[in-house]
Amino acid sequence: MTLRLYDTAHSELRPFEPREPGVVRMYNCGPTVYSSPHIGNFRSFLTADLLRRHLEARGMNVVQVMNITDVGHLTEDDLDDSGEDRMLIAARREKLDPYAIARKYESEFLAAVDALHMRRAQEYPRATDHIPEMIEIIQGLVANGHAYVVGGNVYYSIASFPRFGKLSGKVIEELEEGARIAVNPEKRDPRDFALWKTDDKHLMQWDSPWGRGFPGWHIECSAMSRKYLGDQFDVHTGGEDNLFPHHECEVAQSEAFTEKVPFVGTWLHTRHLLVDEKKMAKSLGNFLTIEQLLGEGWTGHEIRLALLRVHYRMPMNFSRTGLGESRAFLTRIQECRARLLRIAHGQEAAGTDDATIVLRDAESAFGEALDDDLNIAKALAVLSGLVSDVNAMQPSVESAQNALALFRRLEDWCGCVGDEPDVAAEVGGVLWGGKPDDPRRQSLLDKTAEREAARKSKDFQAADRLRDEITAEGFKIVDTPRGPRLEPL
RNA sequence: GGCGGCGUAGCCAAGUGGCUAAGGCAACGGAUUGCAAAUCCGUCAUCCCCGGUUCGAAUCCGGGCGCCGCCUCCA
């Protein structure tokens with residue numbers, strides 16, 4: 001089975017074939033860095049990360065580019081009473097200049113990327129570093145008749161591009177009806193969109209053939225994808241809201257400029273998530289950031305899994321309950337792997353069961369699930385079945401090692417399996433499952449030995465009291481035929 | 001007004017014409033344990049409603065109801 005992806009442009013599942021065999025060029029619509037990235041942004045970014053990992057697991061070489069939008073995109077509607085855009089408002093609110101704001105939130109974004117175990121893209125181009133590339137395309141569009149200049153402004157002419165609306169399935173004639181854009185008399189058609197604008201009040205300005213101004217809202221992606229991936233590339237991802245007008249405009253700009261079709265092979269759009277059944281909004285107080293969740297004590301893997309475990313095209317509700325379920329899922333895998341490690345290290349009796357077939361079938365089913373339009377829910381079910389199968393076995397040392405290797409491969413494949421637990425250390429008949437350098441290690445081991453002695457003399461009251469003390473230190477004590485084991489709670 | 005998506009057990013969620021409707025969490029019964037934890041075994045749904053097509057539908061068609069998204073900066 002080969003990978004099939006749902007391509008928005010065709011509204012159907014299609015076999016995925018990169019233009020150049022073995023190499024996938026992918027562009028992801030990235031964050032706008034004038035505020036903290038929120039978990040909704042990351043559902044989209046994580047979908048891209050999962051696709052990248054799966055392609056790499058399938059032996060592809062993936063060139064991934066994610067833009068950093070650091071230009072406040074100004075439209076007529078963006079303007080508030082004082083004529084400022086959002087970047088400006090943020091700058092004033094935080095008493096920083098707009099570049100400083102952008103850098104601050106860019107760092108925050110990248111920190112979250114790492115925290116969620118996402119692979120770093122090869123490039124994170126900033127819009128403000130690519131003004132000349134944008135100007136080049138705008139000039140080309142003016143020259144070939146797809147754009148026109150009015151004063152210091154340049155507009156894209158929808159009428160010049162008959163395919164406009166094809167990607168999103170919009171009927172252009174009907175767009176007008178619902179449009180809430182104020183009529184701009186400069187435009188030949190109200191649906192034309194800006195490529196370059198002049199506005200004295202805009203803080204970020206650059207020289208251009210049309211005077212000092214700033215780029216329109218869609219041109220950066222056309223310019224930066226072209227620079228790093230070429231005129232045509234394989235995958236373009238984004239949130240569902242990007243479909244129209246943003247991606248539609250990108251297609252119009254890029255295809256009209258390069259005269260190469262198609263601009264993008266596969267369009268992938270991630271659905272918005274809801275938080276506690278409602279759309280996430282600052283006004284509702286349900287606006288969640290990665291930083292915030294990490295602060296609540298959730299791990300990167302838990303957050304990642306909670307955001308990724310529902311198929312990317314399905315509506316998804318994000319909640320603390322969901323995070324808790326993710327934690328339980330990961331803990332179950334950890335327990336399984338810890339036992340395998342003990343067997344592999346001779347700390348627990350090995351059996352004679354051969355896991356070869358179970359492991360092979362699980363790995364194969366896991367890959368097939370992801371081949372099916374990144375069906376992560378199905379893949380996680382396979383993973384869960386693997387845990388059950390392995391738990392029911394008495395594996396040989398070799399099978400335990402092979403199973404451990406498979407878990408590591410699957411973590412590499414989807415990032416939702418978690419890290420391998422620390423190898424327990426045997427100290428004086430007690431298995432220590434905590435960090436090797438935990439300062440409390442000796443005192444906890446002593447206390448465990450003391451409890452063991454109490455148990456042997458049937459003084460269970462004393463034994464339970466000692467266990468409570470150990471629990472209070474954040475460790476649980478597990479009795480096994482080979483002796484007690486200490487594990488972090 | 002236009003376009004689109006979703007509705008499966010207490011919760012999350014697979015399954016797009018056909019053996020007994022995956023899997024996880026929770027719950028319950030049992031094994032194991034000094035008691036626990038973990039683990040194992042077992043129990044737990046006829047698929048929003050109505051009508052139709054079919055030998056046969058959660059799966060296809062029509063009509064409802066409900067929730068959501070895009071059409072405007074937004075992942």
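The values are calculated or read from the model by the stated rules, or taken from the named source; none is laboratory data. Worth saying up front: this structure is predicted, and the values here are computed from it rather than measured. Neighbour counts run over all protein chains shown; Cβ positions are idealised from the backbone, glycine included. For the accessible areas, the whole protein counts, side chains as well, though only heavy atoms, and no ligand, DNA or RNA atoms are used. Shrake-Rupley method; radii C 1.70, N 1.55, O 1.52, S 1.80 Å.
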Report summary line: The condition from (1) within 13 Å of RNA strand B (Cβ to nearest atom); (2) more than 30 Å from residue A:12 (Cα to Cα); (3) surrounded by 16 or more Cβ atoms within 10 Å (Cβ to Cβ) that residue A:391 misses is numbered (3)
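Out of A:350, A:381, I need the residue that is outside any helix (DSSP H, G or I) and either in contact (Cβ under 8 Å) with a residue 12 or more places away in the chain or not assigned by TED's automatic domain parsing to the domain that holds residue A:478 (or both). Which one?
Values: A:381 fails: outside any helix (DSSP H, G or I).
Answer to the check: A:350.
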Report task. Would you check if residue A:269 is in contact (Cβ under 8 Å) with a residue 12 or more places away in the chain and open to solvent by 10 Å² or more (accessible area, probe 1.4 Å)? Result -> yes
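Only one residue in A:352, A:321 is farther than 23 Å from residue A:47 by Cβ and open to solvent by 30 Å² or more (accessible area, probe 1.4 Å). Which one?
On the way: A:321 fails: farther than 23 Å from residue A:47 by Cβ.
From the options A:352, A:321, the qualifying one is A:352.
Got a sec? Which of A:278, A:260 is within 22 Å of residue A:143 (Cβ to Cβ) and charged (D, E, K, R)? Give the steps one after another, and end with the answer.
Numbers: A:278 fails: within 22 Å of residue A:143 (Cβ to Cβ).
Just one listed residue meets the conditions, A:260.
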Query raised in the report: Can you tell me which residues in the stretch A:19-39 are buried (at least 20 other Cβ atoms within 10 Å of the Cβ) and modelled with pLDDT of 90 or more?
Result: A:24, A:25, A:26, A:27, A:28, A:29, A:30, A:31, A:39
Report task. Consider residue A:220 carefully, then state whether it is within 15 Å of RNA strand B (Cβ to nearest atom), closer than 30 Å to residue A:307 by Cβ and free of Cβ contacts under 8 Å to residues at least 40 places away in the same chain. Result -> no
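In the stretch A:242-253, which residue that is touching a strand residue (DSSP E or B) at 6+ places or on another chain (Cβ under 9 Å) and open to solvent by 10 Å² or more (accessible area, probe 1.4 Å) is farthest from RNA strand B (Cβ to nearest atom)?
Filtering the stretch A:242-253 for residues touching a strand residue (DSSP E or B) at 6+ places or on another chain (Cβ under 9 Å) gives A:242-243, A:245-247, A:249-253.
Within this subset, residues satisfying the condition of being open to solvent by 10 Å² or more (accessible area, probe 1.4 Å) are A:242-243, A:245-246, A:251.
Values: A:242: 4, A:243: 6, A:245: 6, A:246: 5, A:251: 15 Å.
Top of the filtered list is A:251.
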Report task. Considering only the stretch A:304-325, state which residues are within 6 Å of RNA strand B (Cβ to nearest atom), without any contact (Cβ under 8 Å) to a residue 12 or more places away in the chain and closer than 19 Å to residue A:383 by Cα. Result -> none
Report summary line: (1) open to solvent by 10 Å² or more (accessible area, probe 1.4 Å); (2) out of contact with any Lys or Arg (no Cβ under 8 Å at 6 or more places or on another chain); (3) farther than 30 Å from residue A:13 by Cα all hold for residue A:385 apart from (3)
Requested in this report: Scan (1) within 8 Å of RNA strand B (Cβ to nearest atom); (2) touching a residue at least 40 places away in the same chain (Cβ under 8 Å) for the single condition residue A:333 breaks and write down its number.
Outcome: (1)
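Looking at residue A:281, is it more than 27 Å from residue A:52 (Cβ to Cβ), out of contact with any helix residue (DSSP H, G or I) (no Cβ under 7 Å at 6 or more places or on another chain), within 9 Å of RNA strand B (Cβ to nearest atom) and modelled with pLDDT of 90 or more?
no
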Report task. Among the strands (runs of 3 or more DSSP E) lying completely within the stretch A:397-489, list those that include at least 2 residues that are surrounded by fewer than 17 Cβ atoms within 10 Å (Cβ to Cβ) and within 16 Å of RNA strand B (Cβ to nearest atom). Result -> A:475-480, A:483-488
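For the structure I just gave you, tell me whether residue A:365 is outside the structural domain of residue A:474 (by TED's automatic domain parsing), under 22 Å from the mean Cα position of the chain (by Cα) and in a helix (DSSP H, G or I).
Working: outside the structural domain of residue A:474 (by TED's automatic domain parsing): yes; under 22 Å from the mean Cα position of the chain (by Cα): no; in a helix (DSSP H, G or I): yes.
No, not satisfied.
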Report summary line: The correct count of residues that are among the aromatic types (Phe, Trp, Tyr) and either open to solvent by 40 Å² or more (accessible area, probe 1.4 Å) or part of a helix (DSSP H, G or I) (or both) in the stretch A:137-155 is 0
Query raised in the report: What about residue A:328, is it away from RNA strand B (no atom under 11 Å from the Cβ) and closer than 30 Å to residue A:427 by Cα?
Result: no
Query raised in the report: Just a yes or no: is a residue in the stretch A:458-470 among the aromatic types (Phe, Trp, Tyr) and without any contact (Cβ under 8 Å) to a residue 40 or more places away in the chain?
Result: yes
